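Structure record follows, encoded as structure tokens.
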Amino acid sequence: MRLQLADSVAYLLEEMASQWKETIPGSNDQIDKMRAGAVYPPSSFGLYYEISNALLASRRRQALGLFREFMAERPLQRSETEILSLDDLGKHESLYKRLMDTDPSQPFHIASASQASIDSFRVRFKRVAERLFPLVPSWAAEIRALVRQIVLVQAAPGTTTSFAGGSCYMLWGALFLNPQLCADDVGTLGALSHEAAHSLLFGFTVDESLVLNDPEELYASPLRDDPRPMDGIFHAAYVSARMHWVMSEILKSNILESSEADMVRDARMADRQSYFAGYETVQQHGKLSGLGKNILAGAHEYMTQAAV
């Protein structure tokens with residue numbers, strides 16, 4: 001994803017220079033850093049998508065302004081996942097809010113979580129990372145590689161839709177969680193594995209979509225009350241399989257308290273039910289790409305062999 005971002009930005013700059021005779025100072029240096037492996041924040045992806053939309057709409061002034069913002073982005077200096085509130089995002093707060101609210105038919109507004117819940121989540125995340133991450137080392141390494149920011153939010157006042165967690169491919173590397181719904185170690189682990197699985201799928205689809213269905217086609221979702229496009233159903237099935245795997249690995253450790261083990265078993269059973277409900281819908285109505293078929297085949301092989 002990060003290399004693709006560098007190549008895509010370079011292409012947009014070339015097109016802008018060709019069509020508008022405009023160049024952006026420092027752009028080559030920025031692209032070289034990306035190609036050399038520098039890790040940029042999720043806001044860099046968000047700005048890129050906003051630049052693309054401005055160029056497609058021939059909004060020249062806006063595109064130039066956004067490009068200058070993009071060139072002001074700096075690589076992350078720390079490898080640890082940042083725990084942030086919306087307020088911590090500073091000038092990018094409006095960008096994050098905008099890109100998380102992309103469905104005109106269902107407006108979605110978020111606000112920063114309370115400071116008390118943010119402080120509690122930071123303590124809990126540190127404990128979960130020290131206590132549970134080592135039990136699933138490959139997954140823990142994946143979290144550290146994919147998740148650059150966890151942004152703690154809640155549904156804005158007056159919003160009728162509740163919010164537990166979310167992510168957006170246009171802000172790749174950022175997870176949005178409601179800390180009030182991650183009140184214990186097991187719940188925190190489940191929320192992280194859920195949203196990180198979405199980010200993993202986003203990373204897989206740089207060159208190819210998962211499904212070929214018309215986005216206007218809607219189907220019952222195992223994880224949502226409202227009907228969803230087939231891409232959403234695919235995501236739900238895959239995410240459920242990943243969560244089942246993480247919970248199963250944690251359960252094998254035998255370090256959980258009795259109450260925690262019961263919670264993990266309940267979560268794992270719910271994940272199993274969600275997976276097979278989603279899988280059935282995909283099998284009946286999905287038009288999968290080659291990539292989608294391969295990913296789902298791996299998930300299904302695991303789920304058909306996994307412990308109940």
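The values are calculated or read from the model by the stated rules, or taken from the named source; none is laboratory data. This is a predicted model, so every value here is computed, not measured. For neighbour counting, all protein chains shown are included, and Cβ atoms are generated from backbone atoms with ideal geometry for every residue, glycine included.
Overview of values
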| item | result |
| --- | --- |
| Within the stretch 1-73, helices (runs of 4 or more DSSP H) holding 1 or more residues that are over 20 Å from Arg98 (Cβ atoms), touching a Lys or Arg at 6+ places or on another chain (Cβ under 7 Å) and outside the structural domain of Ile150 (by TED's automatic domain parsing) | 2-20, 27-35 |
| Cross-chain or 6+ apart pairs with Cβ under 7 Å, the stretch 46-59 first and modelled with pLDDT of 95 or more, then surrounded by fewer than 18 Cβ atoms within 10 Å (Cβ to Cβ) and among the hydroxyl-bearing types (Ser, Thr, Tyr) | Tyr48/Ser8 |
| The stretch 56-95, subset more than 24 Å from Asn28 (Cβ to Cβ) and touching a Leu at 6+ places or on another chain (Cβ under 6 Å), residue surrounded by the fewest Cβ atoms within 10 Å (Cβ to Cβ) | Glu93 |
| Residue within the stretch 38-49 that is surrounded by fewer than 19 Cβ atoms within 10 Å (Cβ to Cβ), closer than 30 Å to Glu130 by Cβ and among the hydrophobic types (A, V, I, L, M, F, W, C) present | yes |
| Residue in the stretch 122-141 that is of a type in the set (Ser, Thr, Tyr) and not in a helix (DSSP H, G or I) present | no |
| Candidate set: the stretch 74-99, residues that are among the hydroxyl-bearing types (Ser, Thr, Tyr) and part of a loop (DSSP other than H, G, I, E, B); chosen: the one modelled with the lowest pLDDT | Ser79 |
| Close pairs from the stretch 148-168: first more than 18 Å from His198 (Cβ to Cβ) and in the same structural domain as Tyr96 (by TED's automatic domain parsing), partner aliphatic (A, V, I, L, M) and part of a loop (DSSP other than H, G, I, E, B), Cβ under 9 Å, at least 6 apart | Gln154/Ala113 |
| Extreme residue, surrounded by the most Cβ atoms within 10 Å (Cβ to Cβ), among residues of the stretch 137-177 that are farther than 22 Å from Leu189 by Cβ and of a type in the set (S, T, N, Q) | Thr159 |
